[in-house]
Amino acid sequence: MKNSKNRYIAIKANNTAPIRVLYKKVGQLPKIMVLDNVFKLKRFIIKRNLDIIPYQTAYIICNKKELMKNMTPNIVFSFNSIKGDFILVNIDEDKREFESLSAEDITWYASDLINKGFKNIQLVQANMLKNEGDESNE
């Protein structure tokens, strides 16, 4: 019985099924990536000591806050921001396994991340300031 449990753990740890994620580089649009080996992603998370942050129904995998201090903002939330590159992925919480984003999720999240992009927010703020200046000149 003990051997079967260890074998099950080894099978889960060696999950090599490819998954679809969104990859968001700073200053660029999100793009779809296929990660060929989930085990490599898990190892990278542990080695680089990355954070896994809940976001809507998916999860952002990004640098720890301590490492983000000198990085350029990527996306901005109401009271927080993510700096540096990151990926967005689904996680099956019961199985504790990474899963692909669906086509619908990719479409929705890509649009949402574009709207929360740091450069996009800077443009919106600049337009708001410009409009306020135009109104005061009238």
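The values are calculated or read from the model by the stated rules, or taken from the named source; none is laboratory data. This structure is a prediction, so every number in the text was calculated from the model and none was measured. Reconstructed Cβ throughout: ideal geometry from the backbone, glycine too, with neighbour counts over all protein chains shown. To get the accessible areas, we keep the full protein, side chains included, count just its heavy atoms, and leave off ligands, DNA and RNA. Shrake-Rupley method; radii C 1.70, N 1.55, O 1.52, S 1.80 Å.
Can you name the residue in the stretch 97-114 that is in contact with a helix residue (DSSP H, G or I) (Cβ under 8 Å, 6 or more places away or on another chain) and open to solvent by 20 Å² or more (accessible area, probe 1.4 Å) and, of all such residues, is farthest from K24 (Cα to Cα)?
First, pick out the residues of the stretch 97-114 that are in contact with a helix residue (DSSP H, G or I) (Cβ under 8 Å, 6 or more places away or on another chain): 97-98, 101, 114.
Now restrict to residues that are open to solvent by 20 Å² or more (accessible area, probe 1.4 Å): 97-98, 114.
Values: E97: 21, F98: 18, I114: 9 Å.
Out of the qualifying residues, it is E97.
Among the strands (runs of 3 or more DSSP E) lying completely within the stretch 58-111, list those that include at least 2 residues that are free of Cβ contacts under 8 Å to residues at least 40 places away in the same chain. Walk me through it before giving the result.
Working: elements: 58-62, 73-76, 81-83, 86-92, 97-99.
Filter on the stretch 58-111 gives 58-62, 81-83, 86-92.
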